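Step one of this worksheet: look at the structure below.
Rule-based calculations on the coordinates, nothing more; no lab input. In this text, all values refer to a predicted model and were calculated from it rather than measured experimentally. Please note: Cβ atoms are built from the backbone with ideal geometry, for glycine as well, and neighbour counts cover all protein chains shown.
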There are 2 protein chains.
Amino acid sequence: MSKGVLLIVSGPSGAGKGTVCSEYMKRRPETFLSISATSRSPRPGDEDGVTYFFKTREQFEKMIEDDGFLEYAEFCGNYYGTPKEPAIKAINDGRDVILEIEVQGAYKVKEKCPDAILVFVLPPSPDVLRQRLTGRGTESPDVIEKRIGEAHREILRGANYDYIIVNDKLDLAADKLEIIADAEKIRVCRNKEYLQNVWDLKE
Amino acid sequence: MSKGVLLIVSGPSGAGKGTVCSEYMKRRPETFLSISATSRSPRPGDEDGVTYFFKTREQFEKMIEDDGFLEYAEFCGNYYGTPKEPAIKAINDGRDVILEIEVQGAYKVKEKCPDAILVFVLPPSPDVLRQRLTGRGTESPDVIEKRIGEAHREILRGANYDYIIVNDKLDLAADKLEIIADAEKIRVCRNKEYLQNVWDLKE
């Protein structure tokens with residue numbers, strides 16, 4: 001049986017990457033959506049195993065020691081990380097895996113899993129991002145401009161990604177994520193086993 | 001406007017690569033299907049500009065001198081080659097291009113056009129290939145086994161290709177060629193211009 005593919009989805013705030021991943025999960029519910037672990041305290045609306053896996057600092061540090069993360073980082077005094085074992089198991093079981101994580105974490109995962117596919121979701125343009133953020137009505141113009149600056153920097157950091165999805169229409173963006181997963185499955189490098197077993201291809 | 005992608009389709013005899021390309025052309029008639037040039041004489045059924053562009057040896061050699069080919073080779077005393085100018089023009093006009101050529105030629109094109117996408121079409125297994133060749137009823141068992149040996153060697157040579165399409169069902173094989181073209185268009189390396197112009201990404 002062939003392995004699943006590991007799709008890492010990143011992008012600036014306001015790009016809609018979470019919505020694209022949700023739409024993809026609706027279409028391909030057999031996909032394994034990785035849930036991050038964190039040492040921060042649950043907040044109202046949080047659900048253990050749904051929004052995050054909640055751990056104590058001690059539990060989290062024990063997992064770090066045991067090489068239990070594909071990547072982890074500390075923000076504002078709290079740990080956040082991608083549990084390794086469930087994602088690797090899913091891939092080996094032939095299930096595709098989605099990790100929605102930020103760029104620095106993505107590059108760390110790519111080091112451990114060179115087969116990982118880095119997908120960057122971004123809004124069509126800074127103007128569209130500005131409209132989206134303004135439309136929410138929750139942020140001041142200053143904060144919005146700060147967010148756009150952050151988006152620029154995030155896109156700079158994503159320059160070594162494999163694919164970009166310009167999220168103009170949700171349906172088309174989800175189509176693209178499906179196309180990426182399907183195209184990657186027929187790359188020669190992912191079919192060495194078939195070529196060896198069926199066609200006697202030697203390494 | 002973005003450039004088209006250059007799809008190079010190869011595969012052993014009996015893989016059905018010609019049929020897959022024809023089906024693709026039906027679905028995406030805006031694609032430019034490259035026609036080879038040759039110095040061999042036309043045979044019954046040949047049509048200039050359809051099966052081949054027919055050239056004299058002198059004309060062909062003049063084109064070689066003028067760097068008029070993406071690749072060319074001599075077989076059995078006749079030249080065969082892929083004219084450069086129409087393919088490059090189509091790509092620059094934003095049209096996708098299909099070249100159906102053999103593996104050695106494909107690698108030569110890849111050297112000149114590193115963005116070219118190498119797609120290998122193959123039958124599901126040596127047994128299926130044997131059945132297909134037997135089904136034609138035109139070849140002796142000896143010739144069929146020779147063909148299967150050639151297919152093995154061709155697949156060895158194709159080990160550095162980008163994608164494989166296992167041609168089990170024509171429709172699915174053509175789907176895969178579409179998926180490859182679409183996925184390649186959203187690779188980061190093909191969208192540098194958009195990232196630079198819209199998001200100020202520097203090289």
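Would you mind listing the distances between the A:N78 label point and the same position in each other copy? Use 7 Å along Cα-to-C-beta, nm, one decimal, shortest first.
When each copy's label point is compared with this one, the spacings are 7.2 nm.
How many lysine pairs are close in the stretch B:7-161, with Cα atoms under 25 Å apart and the two 8 or more places apart or on different chains?
25
Please state the charge dipole magnitude for the stretch B:120-203, taken about the Cα centre, from unit charges on C-beta atoms (+1 on K and R, -1 on D and E), reported in debye and rounded to the nearest 20.
Value, rounded to 20: 140 debye.
Considering only DSSP beta bridges whose two residues both sit in the stretch A:26-95, what percent are antiparallel, to the nearest 5?
75
Given Cβ point charges of +1 (Lys, Arg) and -1 (Asp, Glu) and nothing else, what value in debye, to the nearest 20, does the dipole of the stretch A:131-172 about its Cα centre take?
60
Copy-to-copy spacing for A:D171, label 7 Å out on the Cα-to-C-beta vector, in nm, shortest first?
Label-point distances to the other copies, shortest first: 2.1 nm.
With unit charges on the beta carbons (Lys and Arg positive, Asp and Glu negative) and the dipole taken about the Cα centre of the protein assembly as shown, which residue among B:L118, B:L70, B:L33 sits farthest to the positive side?
B:L33
So which lysines pass the test for A:K202, namely a Cα distance under 16 Å, with those fewer than 8 places away in the same chain ruled out?
Straight-line reach from A:K202, under 16 Å: A:K192.
Starting with the highest mean, order B:18-31, B:135-148 by the number of other Cβ atoms within 10 Å, averaged over the residues of each peptide.
Order by mean packing, descending: B:18-31, B:135-148.
For chain A, what does the helix formula give at 222 nm: sum of -39500 (n - 2.57) over DSSP H segments with n ≥ 4, over the residue count, nearest 500 deg cm²/dmol?
For chain A, the value works out to -13500 deg cm²/dmol.
Which residue in A is nearest the A/B rotation axis when you measure from the C-beta atom, and what is the distance in Å?
A:A183, 2
5 Å is the cut-off here: which amide hydrogens, built 1.01 Å from N in the peptide plane, fall below it relative to A:E71, excluding neighbours closer than 5 in sequence?
Those lying under 5 Å, H to H, from A:E71 are A:T82.
Could you tell me which of rounded, prolate or oblate describes chain B, using a ≥ b ≥ c as the square roots of the eigenvalues of the alpha-carbon gyration tensor, with rounded for a/c under 1.5 and, failing that, prolate when a/b is larger than b/c and oblate otherwise?
oblate
Take every Cα pair under 8 Å in the stretch A:1-125 that's 6+ residues apart, average their separations, divide by the length, and report that relative contact order as a whole percent.
46
Could you work out the relative contact order of the stretch A:69-191, using alpha carbon pairs under 8 angstrom and six or more residues apart, expressed as a whole percent?
Relative contact order for the stretch A:69-191 comes out at 21 percent.
If the label for B:D200 sits 7 angstrom from Cα along the Cα-to-Cβ line, what are its distances to the same label in every other copy, in nm to one decimal, shortest first?
From this label point to the equivalent ones elsewhere in the assembly: 6.0 nm.
For B:T31, what residues show an amide H to amide H distance below 5 Å, using hydrogens built from the backbone and excluding near sequence neighbours?
It is none; the list stays empty.
Size of the dipole of the protein assembly as shown about the Cα centre, Lys and Arg at +1 and Asp and Glu at -1 on the beta carbon, nothing else charged, in debye to 20?
200
Say the dipole of the stretch A:53-174 comes from +1 at the beta carbon of Lys and Arg and -1 at that of Asp and Glu; which of A:T56, A:G158, A:I148 then lies farthest toward its positive end?
Checking the options against the dipole of the stretch A:53-174, the answer is A:I148.
Which whole-number percent gives the relative contact order of the stretch B:57-134, counting Cα pairs below 8 Å spaced six or more residues apart?
The value is 21 percent.
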